[in-house]
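All remarks here apply to the structure that follows.
The values are calculated or read from the model by the stated rules, or taken from the named source; none is laboratory data. Because the structure is a prediction, the values reported are computed rather than measured. Note that we place each Cβ from the backbone using ideal geometry, even for glycine, and neighbour counts take in every protein chain shown. Areas reflect the complete protein model, heavy atoms only, side chains present, ligands, DNA and RNA absent. Shrake-Rupley method; radii C 1.70, N 1.55, O 1.52, S 1.80 Å.
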Amino acid sequence: MQAKYSHNYAKAVLGTFKMLMDDAVVKYEFREESPIVEQKRRGLYRKKQVRRVKRRLSTRSVHQLAHNAHHVRGFAGWAYVRMIAFTGMRSPGEMFALQRGYASPYWLASEPDDELREEALQRYESLHALRVQYQTYRADGQAVLAAPKYDSARTFVLPPFLHETHQVLLASHDQPWAFLSLQGSRCSPPTSTAPTGFRPGRCRGADTPAAVRAVGAACAAGGRGDGRRGNLPAAALAQGEAGRARRHPASGSRGADGP
């Protein structure tokens, strides 16, 4: 066969013949005595994807997390938790990158893209909408802006209570960023997204609004605030996955493209 046909054709035929003989011996047991034949995996093997189990997060738990954040970070902490819970925005990247012009009190009129603004006006003219256009991360030690994860720029229609939260938050300062650090400057993304403990007096990822994750996790186990505010009530389902769990109720909308 190898002399008569091409190498690839002969190899394919002999490989198929070997598979048939292996099945005859191992699978169908046509021979009572035979050497041990190792049955190898066939075809394209894809590793089974193990997905994290998503747990339902009650509104009561979200409210308690927001209440705890208010004790630690003031109204900005309250707004931060509610924003994540009811929009599914990613923390801290998309939250820290939210600019005044993309928040519901100013968008759509502030949209710089003429085509997007025209299309969005037709869809959201009588609604309050927020635009997720950027995320922020560290590159060479500096905070930079980039497109959201998976290029998932999108628009959220906000309920009236969340729109009012935006109005109050933005009325509290005149900076271009929605969420500010304790010193009133732009929130800088932490070098690691792993939750850190609350350490008052530092202006890094641990006591900007992202500190809510660690505070909520501690409160779930009956923890304390920063030592000056006393005990903070526990928030169910917050321990270990505070930031991730708050996003799950809105997970279906994160991948949806806006106009």
Open item on the list: If packing is taken as the average count of other Cβ atoms within 10 Å, what order do 137-146, 104-113 fall into, highest mean first?
Closed with: 104-113, 137-146
TODO: Could you run the Karplus curve 6.51 cos²θ - 1.76 cosθ + 1.60 with θ = phi - 60° over region 59-74 and give me ³J(HN,Hα) per residue in whole Hz, x for Gly and Pro?
DONE: 4, 4, 5, 4, 4, 5, 4, 5, 5, 4, 5, 5, 5, 8, 10, x
Open item on the list: Can you give me the solvent accessible area of His63 with a 1.4 Å probe, rounded to the nearest 10 Å²?
Closed with: 100
TODO: Mind listing the long-range amide H neighbours of Arg154? Cut-off is under 5 Å, sequence gap 5 or more, other chains count too, H placed in the peptide plane at 1.01 Å from N.
DONE: Val132, Gly258
Task: Distant alpha-carbon pairs in region 54-163 (separation over 23 angstrom), percent - done: 36
